Amino acid sequence: MKDFAVFWGCTIQARFPFLEVSTRLVFERFGLPYRDIDGFTCCPEKSLVNNIDHGLWELTAARNIAMVEEMGLNLVSPCTGCVSNLATVNKELCHDEAKKGAVNSMLKEVGLEVGGHAALHHLVPFFHDEVGINAVRSRVVIPMKGMRVAIHYGCHMIRPSHSLNNDDPLEPVKFDRLVEALGCESVKHRTKMMCCGQGLDRVDQHENALHMARIKLRELSSLDIDAMVLCCPSCYLQFDNNQFLMEKDGEKFGIPILYFTELLGLAVGYGAEELGLMNHRVGVAPFLEKWERIGGEGSEVGGLESELEDIGVFGL
């Protein structure tokens, strides 16, 4: 496998560093050749920068891509928005030589050039396509059999499909296959492909953002699931933090939110404390307690309840 740079984006390292920890641990457990690059900027975020200056949005994304290409690497990101933005710009430049030439004339001033030959992967399709389902299954030491989870793809993991080519944009399957390889049941639900609504918070529409989250959370509350699994920091912010705010106001959902790298990390043998699960706003203890019961006495999950109490993973 070719070495790859990790593009963390702004949100994970600034707001959810425990998600960075779980991602690094998973990379290390699978022996993946990842690299950190100094000098990355914001991807940049589409709804803010692109709506103000499309040319600046393209130039900023192109600079990040050019840094990866200069080092002869591919790119992998645990942020859906970052990959979507970078891949969209990359596709535009590859199909418009005049535009690419104009961008490269500016990048030349900092000694860079974008060619469009680096592979840009989101973490989920990267594990499905590059690491492989069989490799994932072979690393599982504590199967998740009996755990019912709802997959949330989010808007940008698979769209725009013409730039990403990750999966079927209407009926994707790769995320489902990965969690099923861990032993989970991927529960069908009507709102599976619905936008989380977190972008509304960026334009001062907090109540509308909560309303969109509420629609999905209400459905999942009726389906007897053990967790929602996702792999986007904006979606995580919406369903963990904003669910917590709604519960403070008296609404009760109790849906644990797990990042893909946290679920995978648990399955391949990392502990709840190592993965930072005590940092979730909505407690994940119900998920872990059921997993312990299913695992049975004497398994590597045994004794988890006392550990959860010690590290405060029942929620903040």
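The values are calculated or read from the model by the stated rules, or taken from the named source; none is laboratory data. Keep in mind that what you see is a predicted model, and the values were worked out from it rather than measured. Every residue, glycine as well, gets a Cβ built from its backbone with ideal geometry; the counts of neighbours run over all protein chains shown.
Observations, loosely collected:
- Of the residues making up the range 219-230, one or more are free of Cβ contacts under 8 Å to residues at least 60 places away in the same chain, in contact with a strand residue (DSSP E or B) (Cβ under 9 Å, 6 or more places away or on another chain) and outside the structural domain of ILE52 (by TED's automatic domain parsing).
- Residue that is farthest from TYR153 (Cα to Cα), among those in the range 248-283 that are in a helix (DSSP H, G or I) and out of contact with any helix residue (DSSP H, G or I) (no Cβ under 7 Å at 6 or more places or on another chain): LYS248
- Tally, over the range 196-213, of residues that are of a type outside the set (A, V, I, L, M) and buried (at least 17 other Cβ atoms within 10 Å of the Cβ): 5
- Evaluation of PRO160 against the conditions (1) farther than 30 Å from MET1 by Cα; (2) at pLDDT below 95; (3) not hydrophobic (A, V, I, L, M, F, W, C) shows that the sole unmet condition is (1).
- Subset tally (residues that are touching a residue at least 40 places away in the same chain (Cβ under 8 Å) and in a helix (DSSP H, G or I)) for the range 159-187: 9
- Only listed residue being polar (S, T, N, Q), exposed (fewer than 15 other Cβ atoms within 10 Å of the Cβ) and closer than 25 Å to LYS192 by Cα, chosen from SER138, SER161: SER161
- When GLU171 is tested against (1) touching a His at 6+ places or on another chain (Cβ under 8 Å); (2) under 27 Å from GLN243 (Cβ atoms), exactly one condition is not met: (1).
- Subset of the range 107-158 that is closer than 18 Å to THR23 by Cβ, among the aliphatic types (A, V, I, L, M) and part of a helix (DSSP H, G or I) - its residue that is farthest from the chain's Cα centre (by Cα): ALA135
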